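The values are calculated or read from the model by the stated rules, or taken from the named source; none is laboratory data. None of the values given here were measured: they were computed from a predicted structure. Virtual Cβ from ideal backbone geometry, glycine too; neighbours counted across all protein chains shown. Side chains included, ligands, DNA and RNA excluded: accessible areas come from the protein's heavy atoms. Shrake-Rupley method; radii C 1.70, N 1.55, O 1.52, S 1.80 Å.
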Amino acid sequence: MTDCIFCKIAKGESKADVVIRTPDAVAIRDVNPQAPDHVLIIPVKHVDSLNDWTDVELLGALMMLAKEVARKVMIDHGGYRVVLNVGNHGGQTVPHLHLHVLGGRRMKWPPG
Ligand code: AMP
């Protein structure tokens, strides 16, 4: 999608603080971090949300990338949270599917 900010970031057309890049996805630092470490996993392929996603293999690859990110930013041993917001009630603000990897502090439960 031409006007999608995450498409532009994933294609390297917009600036971002990249943690890891693969052919299928990019992991970037969130501009408005909600934890000391807050990284977004953004697939290159544009799909609005989990509701429209069908590629099981790629979704699995995104989760594996989340694990790799946690290791790279050194929150794997302390623990971290992986979040996928879906739609309005889910708190999704950017309509391009993405995972959040949050760590560096103890997370609360239940989430707000
Ligand atoms: P969500 O609310 O689940 O859709 O998450 C969107 C996230 O993207 C928010 O945490 C924003 O802070 C973050 N965000 C929006 N624009 C950018 C950007 N250009 N670079 C990095 N993070 C962004």
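Is it the case, given these coordinates, that K108 is without any contact (Cβ under 8 Å) to a residue 12 or more places away in the chain, within 15 Å of the ligand (Cβ to nearest atom) and open to solvent by 50 Å² or more (accessible area, probe 1.4 Å)? Here the answer is no, as K108 does not meet what is asked.
When K72 is tested against (1) open to solvent by 90 Å² or more (accessible area, probe 1.4 Å); (2) under 23 Å from G12 (Cβ atoms); (3) touching a residue at least 60 places away in the same chain (Cβ under 8 Å), just one condition goes unmet, and that condition is (3).
Out of all the residues in the range 25-35, is one or more at pLDDT 95 or above, more than 16 Å from the ligand (Cβ to nearest atom), exposed (fewer than 14 other Cβ atoms within 10 Å of the Cβ) and more than 17 Å from R105 (Cα to Cα)? Steps first, answer last, please.
Residues of the range 25-35 at pLDDT 95 or above: 25-35.
Of the ones still in play, those that are also more than 16 Å from the ligand (Cβ to nearest atom) are none.
Within the range 25-35 (the criterion being at pLDDT 95 or above, more than 16 Å from the ligand (Cβ to nearest atom), exposed (fewer than 14 other Cβ atoms within 10 Å of the Cβ) and more than 17 Å from R105 (Cα to Cα)), the answer is no, since none of the residues qualifies.
For beta carbons closer than 6 Å, sequence separation of 6+ or different chains, a first residue in the range 44-68 that is in contact (Cβ under 8 Å) with a residue 12 or more places away in the chain and a second that is open to solvent by less than 90 Å² (accessible area, probe 1.4 Å) and among the β-branched types (V, I, T), the qualifying pairs are S49/V86; L50/V86; W53/V47; L62/I41; L65/I41; A66/I41; A66/V82; A66/V101.
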